[in-house]
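The values are calculated or read from the model by the stated rules, or taken from the named source; none is laboratory data. Quantities reported herein were computed from a predicted structural model and do not represent experimental measurements. In this analysis, Cβ positions are derived from the backbone assuming ideal geometry, glycine residues included, and neighbour counts consider all displayed protein chains.
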Amino acid sequence: MRAQAAAASGATRSLAAPRLAAPRLAAAFALVATALSLAPAVLAAPLASAAPAAPAAPAHGGAEPLVFVQAGTVRSLYLDDAHVVTLAKGAGGDVALAPDGKQVAYVAKDGSLHVVGIDGKGDRRAAKGPFGSPLWRSAAEIGVTRAAAGNLFDAVVVTVATGKERTIAKDVASQVFALGADLVAKPAPGCATTDLYVGKQQLTKTRLQSELPLDADADLGIVAVVRTQASSFQCAPATVPVPTQLRAFDVAGHSRSLVQLGKLPASRPADAAFRPAGTDLAYITAKGDLAVRSFLTRRDRIVVRGPVTALGW
């Protein structure tokens, strides 16, 4: 799951809250709706090499790198030339790109929080943990989750330079997009599902669905993974496949389907992120491949073969 708030490489968007401008959402959703009028056809396209790249990544003309975790290795991909750079090994959780695009945060196999340069240099442990779901709140702070009672988590902010921690929210759902009064998923009645909240505003009220936020864009809204139970009398365990999709929500709670992932167990990773320019959506397919959907060409393509377990843009 991508744990960045409406920001990515080289962007100056605020990380404190998703700036979802309502007047612009209608036009953006219209574009998305047009793109969705065609069935998602995954095209044959040159795949980025999964092999470690020896040289550091070139400048790429300011293009935003797509960072991802593949078989425990953190890598970056530049779509303009399919160049892949291996950044770090030993990842065990999520990954997030800093707002200036110069650093990447990831959760290691032991649950500790690490920071590494976008060139693969300077990998270091920022905090011991164990943590989950990193989020760059600024160039100086990273938000993470820490396991609490039951299946709930606390939201913690780590100062990158010192490793100092402070708790800012308690008892949120297992996947958190933004922290504090921003965008979170909270437990809901019925099959232990979750609903979306922006601050105190509840966006969804669905007894048979779990909505877990992944990313937000000022124009395109919030992309979330939605898992649907069969009925209130048939609550499937986490290991049982259930209908799963990616949906885009606006600030009023209205939504449109983006990608149908099919029936997946809740334990299977589902992650997605908007490109900072708002022209593309990266997501993990049902087979674990890394795909990119263009809202401009209305096409999907596989850019990295799996297993991919997390991504950030």
Looking at segment 88-102, I want the residues that are closer than 20 Å to Pro307 by Cβ and have a partner that is polar (S, T, N, Q) and in a loop (DSSP other than H, G, I, E, B) with Cβ atoms under 6 Å, at least 6 apart or on another chain. Which pairs are those? Ala96/Gln4
Qualifying positions in segment 221-239 - at pLDDT below 90 and either of a type outside the set (Gly, Ala, Ser) or in a loop (DSSP other than H, G, I, E, B) (or both): Gln229, Ala230, Ser232, Phe233, Gln234, Cys235, Ala236, Pro237, Ala238, Thr239
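If you take the residues of segment 192-220 that are of a type in the set (A, V, I, L, M) and either more than 20 Å from the chain's Cα centre (by Cα) or part of a strand (DSSP E or B) (or both), which of them is farthest from His254 (Cα to Cα)? Give the derivation first.
Just the residues of segment 192-220 that are of a type in the set (A, V, I, L, M), to begin with: 192, 196, 198, 203, 208, 212, 214, 216, 218, 220.
Checking which are either more than 20 Å from the chain's Cα centre (by Cα) or part of a strand (DSSP E or B) (or both) leaves us with 192, 196, 198, 208, 212, 214, 216.
Details: Ala192: 22, Leu196: 12, Val198: 14, Leu208: 17, Leu212: 15, Leu214: 16, Ala216: 14 Å.
The qualifying residue farthest from His254 (Cα to Cα) is Ala192.
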Out of all the residues in segment 72-86, which are closer than 20 Å to Val115 by Cβ and either surrounded by fewer than 19 Cβ atoms within 10 Å (Cβ to Cβ) or not β-branched (Val, Ile, Thr) (or both)? Gly72, Thr73, Arg75, Ser76, Leu77, Thr86
Taking segment 254-277 and keeping only residues that are under 17 Å from the mean Cα position of the chain (by Cα), surrounded by fewer than 16 Cβ atoms within 10 Å (Cβ to Cβ) and either assigned to a loop (DSSP other than H, G, I, E, B) or on the phi > 0 side of the Ramachandran plot (or both), one is left with Ser267, Ala277
When you scan segment 95-108, do you find a residue that is on the phi < 0 side of the Ramachandran plot, surrounded by fewer than 24 Cβ atoms within 10 Å (Cβ to Cβ) and at pLDDT 95 or above, even just one? yes
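Condition check: surrounded by fewer than 23 Cβ atoms within 10 Å (Cβ to Cβ) and closer than 24 Å to Lys170 by Cβ. Does Ala148 satisfy that?
Details: surrounded by fewer than 23 Cβ atoms within 10 Å (Cβ to Cβ): yes; closer than 24 Å to Lys170 by Cβ: yes.
In short, yes.
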I'm trying to understand the selection: among the residues of segment 278-290, which are surrounded by 22 or more Cβ atoms within 10 Å (Cβ to Cβ) and of a type in the set (A, V, I, L, M, F, W, C)? Leu281, Ala282, Ile284, Leu290
When you look at Val158, is it aliphatic (A, V, I, L, M), surrounded by 22 or more Cβ atoms within 10 Å (Cβ to Cβ), modelled with pLDDT of 85 or more and touching a Lys or Arg at 6+ places or on another chain (Cβ under 8 Å), yes or no? yes
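At pLDDT below 95, surrounded by 20 or more Cβ atoms within 10 Å (Cβ to Cβ) and closer than 30 Å to Asp195 by Cα: does that describe Gly143? Please lay out each step first, then the result.
Values: at pLDDT below 95: yes; surrounded by 20 or more Cβ atoms within 10 Å (Cβ to Cβ): yes; closer than 30 Å to Asp195 by Cα: yes.
It is true that Gly143 is at pLDDT below 95, surrounded by 20 or more Cβ atoms within 10 Å (Cβ to Cβ) and closer than 30 Å to Asp195 by Cα.
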